[in-house]
1. Hey, among the residues in the range 269-291 that are under 16 Å from the mean Cα position of the chain (by Cα) and in a strand (DSSP E or B), which one's farthest from residue 98 (Cα to Cα)?
2. Got at least one residue in the range 142-150 being touching a helix residue (DSSP H, G or I) at 6+ places or on another chain (Cβ under 8 Å) and either at pLDDT 85 or above or not assigned by TED's automatic domain parsing to the domain that holds residue 273 (or both)?
C-alpha cells in the first residue's frame, strides 16, 4: 500500500500542523485538543489491580483473584487517548462533474472534478490526524470503492490506496452512511464529511441527524465548483443532471439573480442546520487553495463553543 499520496497538499499541511485537527467536544478517549497522559480507567492494556471500593463497576471485579484470596479486586486499565478520525467522502455522480470551462462540455468527468478536490482534502487531513497519533478511516458513499474499518497500523496507507481507486457514480440514497461502512455504534468519533451536499430529498440531512444522535464531533466541508457558486455559465446550452442523466436545453439569460438568491438561501439553510446540530460547517470552492481556508477552520475549532464543551 502507498505510504505517500499525490493528493496531499504539502503547503497546507505545513500551515495546519501547529494547529492540529482537534476535537471540538469531548469524544470517546479524547479530550478536546489534548492527548492526555494515560490514566486509570476502562481500556485495553491492563495497568494494575486495586481493592474494591463501594460504587465500583462489578463488571471490573476480577473473580479469579477473589477465588484465590477471598478478597475483591478491581482491574484498572490504561485508557486509550487516541480517537478515530472518520472521513466520509461523497463519491456520488455529482462529485464527478468537472469545473465548467469555456469551450468545454459541462458535466463530463475529467481532471478538475469535485472528487479530485475532495481527495486532496481527505489525504491532507488524514496525514494531519495520523501525525498527531489518531487512527483514520475512510467511508465512501457512491458506486466507487467502499471504505473500511479503522486500523491502528497501516490505516493511512489504506486510505491512500482507496483514494487512488475511487470513481464517482451513483447516488447518496437512503442510509448512505450505513452502506458506506460507518458503524452504528455508541462510540463517539471525529467525523469529517466532504460533499457537495447534493440530495434528491433529505437523505443527507437524515444521515447527518444520525451522526448527531450518536454524539459524533462532525465537520461538514461543503464543496462547490466556482462556476456553480458564481453562476459562470453560458447564456444557453445543453445541461445533463449528473445523477439522473436527464438532458435539458436551458437558457440562462436573466436567471443569474434568481440563481444566486436561491444559492444564498440553500447555503444559509445548511449552515443553520449544522449550527443546530453543533457541527462545524465550512464552504469550500474546488479551486480554492487549502492554505487559504484550512488554518482558519482549525483555528475556529480551537475556540471554545457555547455550553462549555469543545
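The values are calculated or read from the model by the stated rules, or taken from the named source; none is laboratory data. These numbers come from a predicted model, not from an experiment. Please note: Cβ atoms are built from the backbone with ideal geometry, for glycine as well, and neighbour counts cover all protein chains shown.
1. 280
2. yes
Listed here are the residues, each with its yes/no results for (1) closer than 22 Å to residue 289 by Cβ; (2) surrounded by 17 or more Cβ atoms within 10 Å (Cβ to Cβ); (3) in contact with a strand residue (DSSP E or B) (Cβ under 9 Å, 6 or more places away or on another chain); (4) assigned by TED's automatic domain parsing to the domain that holds residue 116.
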{"residue": "200", "(1), (2), (3), (4)": "no, no, no, yes"}
{"residue": "216", "(1), (2), (3), (4)": "no, yes, yes, yes"}
{"residue": "221", "(1), (2), (3), (4)": "yes, yes, yes, yes"}
{"residue": "226", "(1), (2), (3), (4)": "yes, no, yes, yes"}
